[in-house]
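Data first, discussion second: the structure below is written as structure tokens.
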Amino acid sequence: MLKKHLLQLNFTSNQADIYVALLELGQTKIGPLLQKTGFHRNIAYRALDDLISRKLVTKITKRGVAYFHALDPHPLLDELQQQEDVAKLAIKEITSKKQVSYSESLVLSGREGIRDVVEMIIREGADVYLIGSIMNLPRALGKERDYFQKRIEKRGIKHFALLQPHIQNEPDFSIFADARYLPNNFPPSPLVIWIFGNVVAHVLWEEPETIFVIRNKKLAENYRQYFQILWKQSDKIDL
């Protein structure tokens with residue numbers, strides 16, 4: 001299991017075997033290490049050099065004999081932080097190079113798709129405007145609902161909803177900062193519209209759920225204007 005984790009942390013198979021062997025042997029000369037791993041001397045030394053450069057292994061010399069020892073593994077966290085920093089810079093540069101106005105679309109499905117949309121909301125970090133019904137959202141998120149809710153609250157994201165009158169008996173409106181009922185002439189529908197940031201998501205609450213996601217700044221702005229027009233015509237809900 002440890003080797004599997006090491007491979008996920010950018011170890012080669014040889015490096016992982018050498019590192020695990022060092023953990024088991026403690027400070028050791030090259031001989032016991034070769035015996036334990038079955039590696040040729042050149043392969044072992046190459047892996048050791050790589051681990052030394054990553055500050056995961058140290059080499060000391062006693063009376064002309066080299067000894068190797070596994071170090072504290074915290075440099076692995078430093079590497080991950082560096083990768084995250086580089087990824088953020090790359091994302092920023094990629095975003096700046098994209099055209100000012102562009103559209104992206106995708107289709108998601110099922111409860112995994114609902115969770116993907118919630119992740120998008122958290123990444124966007126913008127308030128959410130919902131038109132339709134909360135329907136099966138608590139059930140779709142299941143045990144992860146509190147986890148997602150805490151992350152949304154941490155980002156300071158607020159939910160505003162225009163709800164269909166037929167769901168007025170549903171008790172759980174706690175996720176909304178403010179909510180109103182749509183006019184009575186709106187027919188019941190399994191379609192819900194989520195607007196957040198530059199994204200509009202049409203969620204069809206049927207089994208399995210289908211989500212049509214469009215990322216377009218102008219479209220999202222138009223939907224928010226549409227939301228505000230309906231908001232002014234709708235009755236406030238006491239949450």
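If R₀ is 30 angstrom, what is the calculated FRET efficiency for the pair residue 72 and residue 41, using the beta carbon separation as r and rounding to 0.05? After rounding to 0.05, the efficiency reads 0.65.
Net charge of the neighbourhood of residue 71, taken over other residues with C-beta under 11 Å away and scored Lys/Arg +1, Asp/Glu -1, is +2.
Here the dipole of segment 2-74 is about 200 debye; that uses its Cα centre as origin and unit charges on the Cβ of Lys and Arg (positive) and Asp and Glu (negative). Taking 7 Å steps out from each Cα toward its Cβ at residue 204 and residue 111 produces label points 2.1 nm apart. To the nearest ten degrees, helix 13-25 and the longest principal axis of the Cα atoms of the chain are 70 degrees apart. Between residue 226 and residue 122, the FRET efficiency from the beta-carbon distance, with R0 = 25 Å, is close to 0.55.
Taking each residue as 0.36 nm, the span from residue 145 to residue 59 lengthens on full extension beyond its C-alpha to C-alpha distance by 26.0 nm.
A Gaussian network model of the chain, with springs between Cα atoms under 10 Å, assigns the largest mean-square fluctuation among 196, 39, 212 to 39.
D by Stokes-Einstein for segment 1-96, Kirkwood Rh over Cα pairs, 4 °C, 1.567 mPa s: 89 µm²/s. When the Cα positions of 189, 26, 223 are compared along the charge dipole of the chain, 26 comes out farthest toward the positive end, with charges on each C-beta of Lys, Arg, Asp and Glu. Quick note on the chain: its Rg to Rh ratio, both from C-alpha atoms and Rh being the Kirkwood radius, is 1.23.
Each residue of segment 222-231 was assigned a 3J(HN,Hα) from its phi angle through the Karplus expression (A = 6.51, B = -1.76, C = 1.60, θ = phi - 60°), giving 5, 5, 5, 5, 4, 4, 5, 4, 5, 4 Hz with x at Gly and Pro.
Report summary: the helix-based calculation at 222 nm, which adds -39500 (n - 2.57) for every DSSP H run with n ≥ 4 and divides by the residues of the chain, gives -14500 deg cm²/dmol.
No value in this document is a laboratory result; all are computed from the given coordinates. What you see is a predicted model, and the numbers here were worked out from it, not measured in a lab. Virtual Cβ from ideal backbone geometry, glycine too; neighbours counted across all protein chains shown.
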